[in-house]
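Down below is the structure, laid out as structure tokens.
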Amino acid sequence: MDIKLFPIKSWQVSTKLNKEEILKKVSDLTVSKSWKISMKGLFNNVSFTSQPTHDGFILVIGNYGLSYAKNPLRPPVDVRFANENNLTLLNCTHKLSNGTFARLAMFYSIFIIISYFMGFKDKDWVGIVIPLGIIVVHYCLVLYNFNKQLFNYEFFIAELVKD
């Protein structure tokens, strides 16, 4: 697995299984609960929730349903099916939403403005270095969280398409 420095990843997995077999395998690996499907106690206590769509399915970490995926730092994986030759392709996309980038930018800019007015404005280097250092640490934590989720998603998809 490669480490992503920008929280967007798209990848493609091919399998000899057809769409119906893949969806059946997803439902066999999970426990059905009303509108959502949950997978508990798998992959180091990481649970998954999935919901079929018209051209694939959506996979979310957590057993709280797809509404849990509205948390901007826990984005779902969108899996879409495509056919090529006699293979089924799973086009997977995992990315933070544009709204998440806007929230992070707003958080960072407000943090810099507050630190400027809290007394750092008299010391030129402190007013820039300390807020930027905190921003870098926060962004590294966002990337760590993204890559940890990505590892779990890639492992789940790889297990799903095993023959």
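The values are calculated or read from the model by the stated rules, or taken from the named source; none is laboratory data. Treat the numbers as computed from the prediction; the structure is a model and nothing was measured. Every residue, glycine among them, receives a Cβ derived from its backbone with ideal geometry; neighbour counts consider all protein chains shown.
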Pairs returned, first residue in the range 46-59 that is under 15 Å from Asn83 (Cα atoms) and part of a strand (DSSP E or B), second residue that is of a type in the set (Val, Ile, Thr) and modelled with pLDDT of 80 or more, beta-carbon separation under 7 angstrom, 6 or more apart or interchain, are Gly56/Val79
Determine, yes or no, whether Tyr64 is modelled with pLDDT of 80 or more and among the aromatic types (Phe, Trp, Tyr). no
Quickly run through the range 84-94 and pick out the residues that are part of a strand (DSSP E or B) and either within 10 Å of Lys16 (Cα to Cα) or hydrophobic (A, V, I, L, M, F, W, C) (or both). Leu87, Thr88, Leu89, Leu90, Cys92
